[in-house]
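S.K.: My questions will all concern the structure given below.
The values are calculated or read from the model by the stated rules, or taken from the named source; none is laboratory data. Small disclaimer: the values here were computed from a predicted structure and weren't measured. Ideal geometry is used to build each Cβ from the backbone, glycine not excepted, and the neighbour counts take in all protein chains shown. Quick note on the areas: whole protein, heavy atoms, side chains included, nothing else; ligands and nucleic acids left out. Shrake-Rupley method; radii C 1.70, N 1.55, O 1.52, S 1.80 Å.
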Amino acid sequence: MKFQKDEVPKIKQKVFEKINENNIGSFYIDQKNNGKLILGITVGTPKSTIEKIKKEINELTTESENVEFIFVENSLIELEELRDKIIEESGNLLNQNIKILDITLNMKFNKLVIGVEDK
């Protein structure tokens, strides 16, 4: 918990300073993996950029082993835009008897989860 409270905010700030928000795909704590911080970076982000950030994180905290970078397909911005588009179109879907109950962003799988009414 100390890592999550004290170190994660500093790491998050560093990542958002160094990586364009269009390349950030997820950011979550994996509790099943001892609270490891998972940073999803979109495919195509230069590996040199990620290596530079890893180096800075190593200098920032003694717990850099608790940080893992993974590559993901979608940025958070893309997923949020898609969610907004689905919400905008929900009226048209309702006309087709498809009622959207919920739209949730699943950080771990870098996807939207859409709940629809069972007909």
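S.K.: Between 23, 74, which is touching a helix residue (DSSP H, G or I) at 6+ places or on another chain (Cβ under 9 Å) and modelled with pLDDT of 95 or more? Let's see the steps before the verdict.
M.R.: Details: 23 fails: modelled with pLDDT of 95 or more.
Checking each option against the conditions leaves just 74.
Matching residues to (1) among the aromatic types (Phe, Trp, Tyr); (2) under 20 Å from residue 107 (Cβ atoms); (3) part of a helix (DSSP H, G or I):
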{"position": "5", "(1), (2), (3)": "no, yes, yes"}
{"position": "45", "(1), (2), (3)": "no, yes, no"}
{"position": "52", "(1), (2), (3)": "no, no, yes"}
{"position": "78", "(1), (2), (3)": "no, yes, yes"}
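S.K.: Determine whether residue 32 is open to solvent by 40 Å² or more (accessible area, probe 1.4 Å), free of Cβ contacts under 8 Å to residues at least 40 places away in the same chain, within 15 Å of residue 107 (Cα to Cα) and assigned to a helix (DSSP H, G or I). Don't jump to the end; show me each part of the working.
M.R.: Values: open to solvent by 40 Å² or more (accessible area, probe 1.4 Å): yes; free of Cβ contacts under 8 Å to residues at least 40 places away in the same chain: yes; within 15 Å of residue 107 (Cα to Cα): yes; assigned to a helix (DSSP H, G or I): yes.
Against the criterion (open to solvent by 40 Å² or more (accessible area, probe 1.4 Å), free of Cβ contacts under 8 Å to residues at least 40 places away in the same chain, within 15 Å of residue 107 (Cα to Cα) and assigned to a helix (DSSP H, G or I)), residue 32 qualifies.
S.K.: Right, here's the next one. Taking the condition of being open to solvent by less than 80 Å² (accessible area, probe 1.4 Å), among the hydrophobic types (A, V, I, L, M, F, W, C) and either within 17 Å of the chain's Cα centre (by Cα) or more than 16 Å from residue 38 (Cα to Cα) (or both), how many residues in the stretch 54-96 meet it?
M.R.: So the count comes out to 10.
S.K.: Scan the stretch 97-115 for residues that are surrounded by fewer than 12 Cβ atoms within 10 Å (Cβ to Cβ), of a type in the set (Val, Ile, Thr) and farther than 19 Å from residue 39 by Cα and jot them down.
M.R.: 113
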